[in-house]
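Working notes, structure below.
The values are calculated or read from the model by the stated rules, or taken from the named source; none is laboratory data. Keep in mind the model is a prediction, meaning the values are calculated, not measured. Don't worry about glycine lacking a Cβ; one is built from the backbone with ideal geometry, like all the others, and counts go over all protein chains shown. Accessible surface is based on the protein model in full, side chains and every heavy atom, while ligands, DNA and RNA are left aside. Shrake-Rupley method; radii C 1.70, N 1.55, O 1.52, S 1.80 Å.
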Amino acid sequence: SNATGAQFRSRGIQGISTTPAGAWSYGFSAGYDRRRLLVPALSNIAELNGVVDENYYLFASVGRQIGRDADLSLSGFYNYYDNGSPGASDVQSLGVSAAYSQRLWRGLTGSAAASLTSFDQDGFNSQLIGSALFGLRYSFR
């Protein structure tokens with residue numbers, strides 16, 4: 001460490017659970033992170049010493065094998081970031097996605113996926129972002 005460098009002290013916990021049930025699979029996770037900024041007294045941002053930010057998050061997924069050659073999965077997340085910096089606002093984000101995969105021929109697999117993600121922060125325009133993916137993959141054996 002030097003006289004002007006800053007660093008974070010982080011602590012947190014995360015739990016993850018996954019369960020297969022026949023052709024179905026389920027997943028869930030939740031977590032919490034806490035960071036405290038440590039800034040030396042000689043730094044030009046010394047007034048931020050001790051600022052704490054926290055992050056809370058959830059994730060869930062479900063998937064199903066469809067026949068011998070295809071599968072479908074759905075997932076979603078929620079995140080809340082509690083910004084401890086003076087004058088900074090908190091951020092929330094939420095997202096969902098779906099993916100379908102089909103083995104087409106020997107090592108050739110086709111995939112399609114779509115997702116929606118939203119962000120919300122006080123003082124900024126909320127955003128909703130959509131994306132889609134279509135692809136082919138060939139696996140050499």
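Go over the candidates 134, 140, 59, 77 one by one and state the one that is of a type outside the set (S, T, N, Q), modelled with pLDDT of 95 or more and exposed (fewer than 14 other Cβ atoms within 10 Å of the Cβ).
134
Here are 9, 36: which of them is in contact with a Phe, Trp or Tyr (Cβ under 8 Å, 6 or more places away or on another chain) and either touching a residue at least 12 places away in the same chain (Cβ under 8 Å) or within 30 Å of residue 70 (Cβ to Cβ) (or both)?
Working: 9 fails: in contact with a Phe, Trp or Tyr (Cβ under 8 Å, 6 or more places away or on another chain).
The match here is 36.
In this structure, is residue 102 closer than 25 Å to residue 36 by Cα and either of a type in the set (D, E, K, R) or surrounded by 14 or more Cβ atoms within 10 Å (Cβ to Cβ) (or both)? Give the derivation first.
Values: closer than 25 Å to residue 36 by Cα: no; either of a type in the set (D, E, K, R) or surrounded by 14 or more Cβ atoms within 10 Å (Cβ to Cβ) (or both): yes.
Here the answer is no, as residue 102 does not meet what is asked.
Of the conditions (1) open to solvent by 80 Å² or more (accessible area, probe 1.4 Å); (2) touching a Lys or Arg at 6+ places or on another chain (Cβ under 9 Å), residue 14 satisfies every one except a single condition; which number is it?
Of everything listed in (1) open to solvent by 80 Å² or more (accessible area, probe 1.4 Å); (2) touching a Lys or Arg at 6+ places or on another chain (Cβ under 9 Å), residue 14 misses just condition (2).
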